[in-house]
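I'd like to ask you about the structure that follows.
The values are calculated or read from the model by the stated rules, or taken from the named source; none is laboratory data. Source: prediction; values computed, not measured. To get the accessible areas, we keep the full protein, side chains included, count just its heavy atoms, and leave off ligands, DNA and RNA. Shrake-Rupley method; radii C 1.70, N 1.55, O 1.52, S 1.80 Å.
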Amino acid sequence: MDPASADARDPHGARGARDARGARAARDAGDARAARKADRRARSAQAVPGTFGRFSLFAEVLLTGVYVTVLSLPVVTALPAVTAGVGHLRRHLRGERDGMAEVWEDFRSACTGVWVVAAGSLVAFLLVGLNLWAASTGALPGGAVVAVVSAGLGVALSVGLLRAASLWEPDQSWFELLRRGVRGISVDPAGSAMLFAAVVMCAVLVWMLTPLVIIVGGMLAFAVVGVDFRTNRPGRTEG
């Protein structure tokens, strides 16, 4: 029998078959779209382990900034606060338990033996700022040289402290960590430049809008984690 003749005799049946085929095609297309979305989510989770996507990591960086800001309120505790923030982001990226209790425990452990290094660093930064201010007035003999040397010391100290925070583990000496952190500046100059760029960016953000101070600690911690991953990621070969 000719199918065309059959369709002509039963137009409702032919239309129903076409509708059924269209419905199946629509379901197949919907399933394909859903599969593509699921695949994108899976790739995003693999790219950012321990999260449900990149926005989750962004939110965690902001939350880390709040943690670091609150723990840094005594000022002298800024270094262990950033160290705790670094540990928090690492645990988050690994998919490990990363609550406030773990942040507080890291902070308490990092405070052990840090006071001389922390207070000495604050004094050093104050002296660097004082030297730069005095050089800018033009009243200081050899002001240009003093400004260059002071700025170099400030850069080395800030990057060295961030690298020390990256290297910290419980029961380690902060003096040894700072020494290794400063030495790491020349070992990985590109990573050190990235860390200094992060410090400058955070300073500019706070200068432009002071309330942003509440998130810059998280940005610094994220920069430290990023540089550390770049240096130690599997398959990387040193040039």
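Karplus couplings for the range 57-72 from phi (6.51 cos²θ - 1.76 cosθ + 1.60, θ = phi - 60°), rounded to Hz, Gly and Pro as x?
5, 4, 5, 5, 5, 5, 5, 4, x, 5, 4, 5, 4, 5, 6, 8
Accessible area of residue 230, 1.4 Å probe, to the nearest 10 Å²?
The accessible area comes out at roughly 50 Å².
When only alpha-carbon atoms count, how far does the range 63-215 stretch along each of its three principal axes, as whole angstroms with the largest first?
55, 35, 29
Could you calculate the contour length gain from residue 190 to residue 75, that is, 0.36 nm times the residue separation minus the distance between their Cα atoms, to one decimal place in nm? Kindly include the intermediate steps, with their values, before the conclusion.
Details: separation 115, 0.36 × 115 = 41.40 nm, distance 2.89 nm.
Gain on extension, residue 190 to residue 75, equals 38.5 nm.
Using the Kirkwood formula over every pair of different C-alpha atoms, what hydrodynamic radius in Å results for the range 157-239?
13.5 Å
For the range 53-95, what is one quarter of the convex hull surface built on the Cα atoms, given in nm²?
2.7 nm²
Follow-up question, since we're still on this one. In a Debye calculation with equal point scatterers on the alpha-carbon sites of the range 90-180 and no solvent, what is log10 I(q)/I(0) at q = 0.10 Å⁻¹?
One equal scatterer on each Cα of the range 90-180 leads to -0.39.
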